[in-house]
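Just so you know, all these numbers are worked out from the coordinates, no wet-lab data involved. Quantities reported herein were computed from a predicted structural model and do not represent experimental measurements. Ideal geometry is used to build each Cβ from the backbone, glycine not excepted, and the neighbour counts take in all protein chains shown.
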Amino acid sequence: MTEAVPAKPADDGALAIICGGGTLPFAVADAVTKYGRRVVLFAIRGWADPKRVVDYPHYWAALGQFGAFCRLARREGCQDVVLIGSMMRPAIWQIRPDLKTLRLLPRIFGMFRGGDDYLLKGVAAIFEEHGFRLLGAHAVAPEILMPEGTLGRERPTERDNADIAKGLAFLTAASPFDVGQAVVVADARVLAIEAAEGTDSMLERIAQLRQTGRIASGRGVLVKAAKRNQDRRLDLPSIGPQTVEGAARAGLAGIAVVAGSTVVAEPAQIGAIADRAGLFVLGLREQAVE
């Protein structure tokens, strides 16, 4: 029996991938290449993995070099753009603007006065005003999305399911405040909320709290979900092997995310790590979280 191949996403010339850290940019590049579309990586210095970037057509980019990106992307025939990979929100002083970016600085300053979703929507608008089409990574590589069900052998208990439900309810309620996309719940108690530090650092904080005896309740669950009304081309929740390792160090029972709207890096490795750690990784149906 042959494996089903996803329908080829629509394409229009080469695809520009602006890539941060982690393995996801390369998973997207490989998937798009499999469909026969050319990719060009614009790798962010200090974040993208230089050992991996060299395997693809690429340019190195610094934050604030929007004019250089426009020139190079047009030369390569790229109208479609995907932003993918981990990168912490920069401080405004970390931007090294070229001339085009300098002209945009007053607007960029305003975009920094809000949450990450507000900032990313502003960035998307700038790209589109300059003739680019911003796409979600899942639009060009649908196989990177979390499937429904579990990766690995473990399944959540009734107590875990109750914690998952509370975590999803919390994230829905917090959406208007444009904070993080993750929460840790144990025995119906919210232990941590993701903010500027990101998921990995939040899990490290839980591990430290357990080590110092500040958390005495049960194992708990990491729950991740996109914000309501979020532009899903930008910053969908994601998990990877590092997330599972962090959840294991934090003593959690498992991870629950929304199937079809969560990006998953290296699912086979995730399942293997989860099995070794004895924790579950669950993809929930979208309807179940509405």
- Query: R107 label point, 7 Å along Cα→Cβ, cut-off 16 Å on backbone N: hits in the stretch 47-78?
  - Reply: 64-71
- Query: From the phi of every residue in the stretch 143-154, what ³J(HN,Hα) in whole Hz does the Karplus formula 6.51 cos²θ - 1.76 cosθ + 1.60 yield, where θ is phi - 60° and glycine or proline is x?
  - Reply: 6, 7, 7, 5, x, 6, x, 10, 9, x, 7, 6
- Under a Gaussian network model of the chain whose springs join Cα atoms within less than 10 Å, the largest fluctuation of A173, A188, A43 belongs to A173
- Task: Classify the stretch 189-268 as rounded, prolate or oblate, taking a ≥ b ≥ c as the square roots of the eigenvalues of its Cα gyration tensor: rounded when a/c is under 1.5, otherwise prolate if a/b is larger than b/c and oblate if not.
- Result: prolate
- Message: With an 8 Å Cα cut-off and a minimum separation of 6 or more residues, compute the relative contact order for the stretch 145-289 in percent.
- Response: 35 percent
- So for the stretch 145-289, using the alpha carbon gyration tensor with a ≥ b ≥ c as root eigenvalues (a/c under 1.5 gives rounded; past that, a/b versus b/c decides prolate or oblate), I'd call it rounded
- Item | Contact order normalised by residue count of the chain, Cα under 8 Å, 6+ apart, percent | 18 percent
- Query: With springs only between Cα atoms under 10 Å, which of R113, R45, R232 fluctuates most in a Gaussian network model of the chain?
  - Reply: R113
- Task: Calculate, for E158 and R205, the FRET efficiency according to 1/(1 + (r/R0)^6) with r their C-beta to C-beta distance and R0 35 Å; round to the nearest 0.05.
- Result: 0.85
- Karplus 3J(HN,Hα) series, Hz, for the stretch 76-84 with 6.51 cos²θ - 1.76 cosθ + 1.60 (x for Gly, Pro): 7, x, 9, 9, 7, 10, 10, 9, 8
- Amide H to amide H under 5 Å from F280: which residues, 5+ apart in sequence or cross-chain, H placed 1.01 Å off N in plane? G254, I255
- Measuring from a point 7 Å past the Cα of A188 along Cα-to-C-beta, which residues in the stretch 151-176 have an amide N at less than 14 Å? 159-167
- Note on the structure: One finds the C-alpha centres of the stretch 245-284 and the stretch 144-209 to be spaced, in Å, by 11 Å
- Message: Using the Karplus curve 6.51 cos²θ - 1.76 cosθ + 1.60 with θ = phi - 60°, what ³J(HN,Hα) values do you get for each residue of the stretch 240-247, in whole Hz, with x for Gly and Pro?
- Response: x, x, 5, 5, 5, 4, x, 5
- With +1 on each Lys and Arg Cβ and -1 on each Asp and Glu Cβ, how big is the dipole of the chain about its Cα centre, in debye rounded to the nearest 20? 660 debye
- Task: Considering only DSSP beta bridges where both residues belong to the stretch 14-142, give the percentage that are antiparallel (nearest 5).
- Result: 5 percent
